[in-house]
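The values are calculated or read from the model by the stated rules, or taken from the named source; none is laboratory data. This one's a predicted model, so the numbers in the text were calculated from it and none came from an experiment. Note that we place each Cβ from the backbone using ideal geometry, even for glycine, and neighbour counts take in every protein chain shown. SASA here: full protein model, heavy atoms, side chains in, ligands and nucleic acids out. Shrake-Rupley method; radii C 1.70, N 1.55, O 1.52, S 1.80 Å.
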Amino acid sequence: MEDEFYRIKRLPPYVIAEVNDMRAAARAAGRDIIDLGMGNPDLPPPAHIVDKLCEVAQKADAHGYSASAGIPGVRKAQANYYGRRFGVDLDPNTEVVMTMGSKEGLASMATAITAPGDVVLAPNPSYPIHTFGFIIAGATIRSVPTTPDENYWRALDRAMAFTVPRPSILIVNYPSNPTAETVDLAFYERLVAWAKENKVWILSDLAYSELYYDGNPTVSILQVPGAKDVAVEFTSMSKTFSMAGWRVGFAVGNKRLIAALKRVKSYLDYGAFTPIQAATCAALNGPQDIVEMNRNLYQKRRDVMVEAFGRAGWEIPAPKASMFAWAPLPPALKDMGSLEFSKQLLTHAEVAVAPGVGYGEDGEGFVRIAMVENEQRLRQAARNIKRYLSSMGVNSSAA
């Protein structure tokens, strides 16, 4: 027998796990770690969503197997959301499927549409499922930039001209995790035209659709006329409604891709717990004030973090969207590398961040900071970081 299984051999060590293990050990030792590493919302869902979950869970007939693709009501609720938010018309029966979070949805889609040896274009840096979901399915990854500038388009054209076999799938993720970069509708118009010309499927991850700042709403690729001919988009309830642990997401768009995803999921799972699906309906159909409240709260955290960390000697660009900041290492410490810098912050400043190299080789030189602690804790993190940077000879502004 071989030492390792085929798919396990294709998965490298999870770099971010090193910092996670150190964080867990530090907390077990009683240290107060300010955790800005994992994008795990610290806010509760609205009461009416939890109430609906409890109400339906009390019903004797609510505990059997559910619908893998989502009960009709939840698929209709998601279609209605796209209509309200983006002006996109979706058929809830053929163009919407519920997933167990966008992560599972992307992984199941990879299983459904990828053959061994297929080439998939994925951004670098990017959230790991964008690459490893397809690697597990047997695909080969060709990286393209995450930053949506002219170099991005040149990279796409080079990939089509010089890759054998020609790429068949393109992953996009805006607002980006981890870089928080955004795009406008003109970008998606150009992308849809490119995909049609090159016969490439587009899988768009729009998990952070409602976490946008400064009054600049995010856009959906499906707003482009004809986008459903080539694209499917994934969304998540995790950040919008603080339902991360509930594992609820959706895939919407191209009927052929949705049908393939439904078919694979019908073999793999029986769908989310029925009370969770009912509560998701309550979230999508009910009061939407929580969405703006969360957005405003994250924007305040962003502003506090950027200001306080800047005074501590670490200049961080203000993200336009998402719950993350993509922070270049302080210039004086750049040679340390993102993994070692993350370990140093954890050890000497008691602040956990995610090393950028964990999101791809082009993430080296950066760390991802999750805005999942309150403003007071963010200021405390800045004070801790200031002491650490001062000990390393990095100057800071007056507190």
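Using the beta-carbon distance between Arg84 and Asp184 and R0 = 25 Å, what value does 1/(1 + (r/R0)^6) give for FRET efficiency, to the nearest 0.05? Please report the intermediate quantities before stating the final value.
On the way: r = 20 Å, r/R0 = 0.81.
Calculated transfer efficiency: 0.80.
Tyr14 versus Lys300, label points 7 Å from Cα toward the beta carbon: distance in nm?
3.3
Taking H placed 1.01 Å from N in the peptide plane, check which residues at least 5 places from Thr140 or on another chain put their amide H under 5 Å from its amide H.
Gly117, Asp118, Val119, Val120
Can you tell me which of 55-67, 350-362, 371-383 comes out highest on packing, and rank the rest after it, using the mean Cβ neighbours within 10 Å?
Working: 55-67: 12.6, 350-362: 23.1, 371-383: 18.9.
Averaged packing, sorted descending, gives the order 350-362, 371-383, 55-67.
Amide H of Asp205: which non-local residues (sequence gap of 5 or more, or other chain) have their own amide H closer than 5 Å, using H built in the peptide plane?
Residues meeting the amide H criterion: Val172, Asn173, Tyr174, Phe234.
Just want to confirm a number: the relative contact order over the chain, from Cα pairs under 8 angstrom separated by 6+ residues, in percent.
Values: 765 pairs, mean separation 96.3, N = 399.
Computed value for the chain: 24 percent relative contact order.
Considering amide H positions built from the backbone, and no H for Pro or chain starts, which residues 5 or more places from Asn124, or on another chain, come under 5 Å of its amide H?
Long-range HN contacts for Asn124: Val144, Thr146.
Could you give each residue of the range 386-393 its phi-based ³J(HN,Hα) in whole Hz, using Karplus coefficients 6.51, -1.76, 1.60 with θ = phi - 60°, and x for Gly or Pro?
With the stated coefficients, the range 386-393 comes to 4, 5, 5, 5, 4, 5, 9, x Hz.
Give me the percent of the accessible area of the chain that comes from carbon and sulfur atoms, probe 1.4 Å, all protein chains in place. Kindly include the intermediate steps, with their values, before the conclusion.
Numbers: 9260 of 17330 Å².
Solvent-exposed carbon and sulfur of the chain make up 53 percent of the total.
In whole Å, how far is the Cα centre of the range 17-87 from that of the range 273-300?
The two parts, judged by their Cα centres, are 10 Å apart.
Distance from the Cα centre of the range 138-209 to that of the range 335-362, in angstrom?
27
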